[in-house]
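The values are calculated or read from the model by the stated rules, or taken from the named source; none is laboratory data. Since the structure is predicted, the reported quantities are computational estimates derived from the model, not experimental observations. Methodologically, a virtual Cβ is constructed for each residue, glycine included, from the backbone with ideal geometry; neighbour enumeration extends over all protein chains shown. Quick note on the areas: whole protein, heavy atoms, side chains included, nothing else; ligands and nucleic acids left out. Shrake-Rupley method; radii C 1.70, N 1.55, O 1.52, S 1.80 Å.
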Amino acid sequence: MTLLFILLNNLKYNIEKHSERYFYDFLFDELNKFEKNFKNYLITLQDEKYKEKSQQLLKELSHNERYNLLSFNYTTPCTSDSSCNITRNIHGRLEDHPIIGIDSKNISPNSPVFRFTKTYRIMSLASERQDKLLPETVKSIVFYGHSLAQADYSYFQSIFDYYNIYDSDIALVFYYSIYDKSKEQEIKRVQFNAVSKLMAEYGMTFHNEKGKNLMHKVLLEGRLILKKLA
């Protein structure tokens, strides 16, 4: 009802006049308009010290070792950082066309909704071949500043599959910051719950009993680390 109210009253959409196909075309056009407006808004928020602060943060997260960066933001903080091998903005860059989409899990490519998925949107931006982001071997996969929400689950599953984290010795390091001292315990709880849910969801993709003990296994092996960023 809320969606219909918005379409009928704010966007002047005539639901009786147009076909279902036009309805999806209309929504997709509106999404593109929203993304452009969102981009303009983000540009106004740019801070002169952003690159300096973000590069310092990346050095702390990488312990000054060389790294590849998969960013879910629209900015490119490590362009001048010599320790960064490759950076990939999975949702597009602020300089180009930031994208917004839903996770493609359980959505058929034949569905009219598929073009609203992140998979489709990213594919539409892939005009040329890019450098391989995932190296053959890594010591650790570091997470920071991500809610680990369902919307990006497909990316995490792909990375975990690629490195076969169940049988590997790769460490999964989840950093978090206490941005409000009065809510420290709540921030920790939210982070711990998000990590637990992610590991449980991934374990469910296994076609055997191993997935049920995935989190316990990596914990016992000292490969699952939740750490407060100082």
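Scanning the range 195-230 for residues that are touching a strand residue (DSSP E or B) at 6+ places or on another chain (Cβ under 8 Å) and assigned to a helix (DSSP H, G or I) yields a total of 4. Selection within the range 95-111: residues that are open to solvent by less than 60 Å² (accessible area, probe 1.4 Å) and touching a residue at least 12 places away in the same chain (Cβ under 8 Å). The member of this set that is farthest from Gln150 (Cα to Cα) is His97. A single entry from Ile86, Ile100, Ile107, Ile90 fulfils the requirement of being modelled with pLDDT under 90 and over 17 Å from the mean Cα position of the chain (by Cα): Ile107. A residue that is of a type outside the set (Phe, Trp, Tyr), closer than 29 Å to Glu20 by Cβ and exposed (fewer than 12 other Cβ atoms within 10 Å of the Cβ) cannot be found anywhere in the range 131-138.
Residue-level analysis places Tyr153 outside the set of residues that are open to solvent by 40 Å² or more (accessible area, probe 1.4 Å) and either over 29 Å from Met215 (Cβ atoms) or part of a helix (DSSP H, G or I) (or both). For the range 180-229, the set of residues classified as in contact (Cβ under 8 Å) with a residue 24 or more places away in the chain, exposed (fewer than 14 other Cβ atoms within 10 Å of the Cβ) and of a type outside the set (Asp, Glu) consists of Phe192, Thr205, Phe206, Lys210, Gly222, Lys227, Lys228, Leu229, listed by residue number.
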